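S.K.: Take this structure first; my questions come after.
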């Protein structure tokens with residue numbers, strides 16, 4: 001604007017213009033604020049003054065700011081989140097993090113999918129945006145075979161010291177509880193004093209505790225693979241979230257101890273843990289999905 005000479009009593013029209021990406025913050029005449037700009041809207045202002053002496057006009061400008069609205073669905077978070085303000089021309093990165101047991105399903109920016117990514121950067125911001133993250137539960141796939149001491153979790157093979165078998169009394173397949181529960185991400189503990197198994201973790205989307213008493217067992221003699229074996233059967237009592245239930249009355253069968261390992265019917269796994277259990281007749285494998 002510089003310095004100008006004007007006649008006393010004359011009028012002067014000042015055109016105050018903000019550069020691209022800026023807005024007028026305020027205009028001060030002789031130390032007094034005569035105008036305060038509105039965020040992101042005022043880039044031109046016309047100031048008409050009548051000159052009655054030495055006059056100083058000062059204009060200040062500020063960067064425009066834009067809002068990026070960041071949201072995350074159930075199963076994870078996005079950081080930063082909520083309404084995030086970004087100055088014109090700046091860049092900002094958002095980080096997407098799933099919770100345990102979840103994975104990123106999709107990230108959308110202004111309604112368009114950008115894929116299941118872990119971070120996204122808005123560069124040289126010149127307008128407002130929306131970013132949203134969506135999550136989904138991880139699927140755990142467990143594959144077992146009766147009589148086989150190997151099992152597979154999401155394609156990775158491991159070994160167990162007792163194999164699933166078919167209980168000849170009911171023609172029912174039973175599986176080792178500890179290995180299956182741990183493969184599902186659940187915690188398994190044995191209390192030798194009370195002779196109880198405690199299983200804790202997220203079951204059907206809710207945290208719960210399953211307690212299986214294994215005392216006062218009934219000895220049962222069965223014939224498997226051409227030889228006699230002994231099973232030690234519980235009375236079917238369990239506590240789910242502190243509530244007493246009877247597995248036999250629920251039609252799920254009773255847990256048994258076989259070769260010092262607790263075995264449970266496959267249907268028990270399906271009903272109690274909320275898993276999907278299938279049987280592949282061609283490969284003779286049990287497929288548990290959770």
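The values are calculated or read from the model by the stated rules, or taken from the named source; none is laboratory data. Bear in mind that the values here come from a model prediction, so they are computed numbers and not experimental data. Cβ: placed from backbone, ideal geometry, glycine included. Neighbour counts: every protein chain shown.
Per-residue answers, yes or no, for (1) buried (at least 19 other Cβ atoms within 10 Å of the Cβ); (2) in contact with a strand residue (DSSP E or B) (Cβ under 8 Å, 6 or more places away or on another chain); (3) over 30 Å from residue 75 (Cβ atoms):
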{"position": "193", "(1), (2), (3)": "no, no, yes"}
{"position": "196", "(1), (2), (3)": "no, yes, yes"}
{"position": "200", "(1), (2), (3)": "no, yes, no"}
{"position": "208", "(1), (2), (3)": "no, yes, no"}
{"position": "218", "(1), (2), (3)": "no, yes, yes"}
{"position": "221", "(1), (2), (3)": "no, yes, yes"}
{"position": "246", "(1), (2), (3)": "no, yes, yes"}
{"position": "252", "(1), (2), (3)": "yes, yes, no"}
{"position": "262", "(1), (2), (3)": "yes, yes, yes"}
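S.K.: State all residues of the range 109-150 that are without any contact (Cβ under 8 Å) to a residue 60 or more places away in the chain, in a strand (DSSP E or B) and over 16 Å from the mean Cα position of the chain (by Cα); if no residue qualifies, say none.
M.R.: Within the range 109-150, 109, 112, 113, 114, 120, 121, 122, 150 qualify.
S.K.: Checking residue 251 against (1) at negative phi; (2) assigned to a loop (DSSP other than H, G, I, E, B); (3) touching a residue at least 12 places away in the same chain (Cβ under 8 Å), which test does it fail?
M.R.: (1)
S.K.: Being at pLDDT below 90, part of a strand (DSSP E or B) and within 23 Å of residue 200 (Cα to Cα) narrows it down to one of 238, 269, 277, so name that one.
M.R.: That would be 277, the only listed residue that is at pLDDT below 90, part of a strand (DSSP E or B) and within 23 Å of residue 200 (Cα to Cα).
S.K.: Turning to a different aspect of this structure: Report, by residue number, each residue of the range 234-244 that is surrounded by 12 or more Cβ atoms within 10 Å (Cβ to Cβ) and touching a residue at least 24 places away in the same chain (Cβ under 8 Å).
M.R.: 237, 238, 239, 240, 241
S.K.: Which one of these does residue 9 not meet: (1) modelled with pLDDT of 95 or more; (2) more than 53 Å from the chain's Cα centre (by Cα)?
M.R.: The one condition residue 9 does not meet is (1).
S.K.: With the requirement that a residue be more than 19 Å from residue 254 (Cα to Cα) and touching a residue at least 60 places away in the same chain (Cβ under 8 Å), what does the range 161-182 give you?
M.R.: 161
S.K.: Here's something else I'd like to know. Quick one: in the range 159-183, which of the residues that are in contact with a helix residue (DSSP H, G or I) (Cβ under 8 Å, 6 or more places away or on another chain) and either within 23 Å of residue 200 (Cβ to Cβ) or not assigned by TED's automatic domain parsing to the domain that holds residue 285 (or both) is surrounded by the most Cβ atoms within 10 Å (Cβ to Cβ)?
M.R.: The residue in question is 180.
S.K.: Looking at the range 152-216, what strands (runs of 3 or more DSSP E) fall wholly within it and have at least 2 residues that are under 22 Å from the mean Cα position of the chain (by Cα), modelled with pLDDT of 90 or more and farther than 21 Å from residue 138 by Cβ?
M.R.: Per the criteria, no element qualifies.
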